[in-house]
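Take a look at the structure set out below.
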Amino acid sequence: MAVLLLVCIAVLARDFNVPLAAEHADIAAAARDHGRSFPRQADIEIGCDRAVAGAPRVSVQGDDVAAGIDLWLGARIELVGFLLVVGSDALVRGYMNLIHEVQRSLTDIIFSGVLMRFPRLKIVSAENDTGWIPHYMYRLDHAFEKFGALMSEPLDMKPSEYVRRQMWATFQDDPIGPMLFRYFGEDNFMWASDFPHTDSTWPNSLKVIEQDFEGVPEAVKRKIICDNAAKLYHIDLN
């Protein structure tokens, strides 16, 4: 029995002056028109519809995530990576490996300079937990300090600063994330129940929130379970 797991990173790119070739049926034609090229191994599919506020919506699938963002900026982009696992043991391993796939994609996006070139681009790591992010930020900076001089296009600030400025992350049941809010997350983490999926906290969401946010100040707790999402997605709570 094969189980298909989704690794999702939602990218909100609004008000960019980069043309979107929504009329193209295939990525190769769009790349040629924009004077760009993709690696042959990239299996990228493009599908367009109308997203919120009338912005084009584009789905990008494939290995070259950073190149996909570079080409299709100007739209609301959702990047979806697929992980196919077989058997019950593989399901558990695949579940654990989701975070590694997300880290790999984020690393490509950050070190390829996408966030440097597009400072208003917003990335949401959805349903991938949050406790790993502070250490990931440390390791980004450590790698940059050790080997950044070898980059073909050096970044203009520490990688962790791009994360703080342009990345948000959601979680369901992860007490480590809220615990580390002083380092990262007070304005960037967003709690979600994930209902009705199997990883959902329903019907014990209030209990999970109480447990996971133990010791977290009420003002910070409200930001993570409510205000941050409302601010990011322009939701009027009044």
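The values are calculated or read from the model by the stated rules, or taken from the named source; none is laboratory data. Since the structure is predicted, the reported quantities are computational estimates derived from the model, not experimental observations. No Cβ is skipped: glycine too gets one built from the backbone with ideal geometry, and neighbour counts run over all protein chains shown.
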- Task: Looking at (1) modelled with pLDDT of 95 or more; (2) assigned to a loop (DSSP other than H, G, I, E, B); (3) under 19 Å from the mean Cα position of the chain (by Cα), find the lone condition where D194 falls short.
- Result: (1)
- Of the candidates D236, D187, D227, the one satisfying the condition of being within 24 Å of L121 (Cα to Cα), part of a loop (DSSP other than H, G, I, E, B) and at pLDDT 95 or above is D187
- Note on the structure: By residue number, the members of region 176-205 that are of a type outside the set (A, V, I, L, M), closer than 13 Å to N128 by Cα and surrounded by 15 or more Cβ atoms within 10 Å (Cβ to Cβ) are G177, F189, W191, S193, D194, S200
- Message: Can you say whether V216 is of a type in the set (A, V, I, L, M) and assigned to a helix (DSSP H, G or I), as far as the supplied structure shows?
- Response: no
- Considering each of D108, D129, D156 in turn, give the residue that is within 23 Å of G215 (Cα to Cα) and acidic (D, E). D129
- Checking Y136 against (1) out of contact with any Phe, Trp or Tyr (no Cβ under 8 Å at 6 or more places or on another chain); (2) in the same structural domain as A169 (by TED's automatic domain parsing); (3) at pLDDT 95 or above; (4) more than 24 Å from I224 (Cα to Cα), which single condition isn't satisfied? (4)
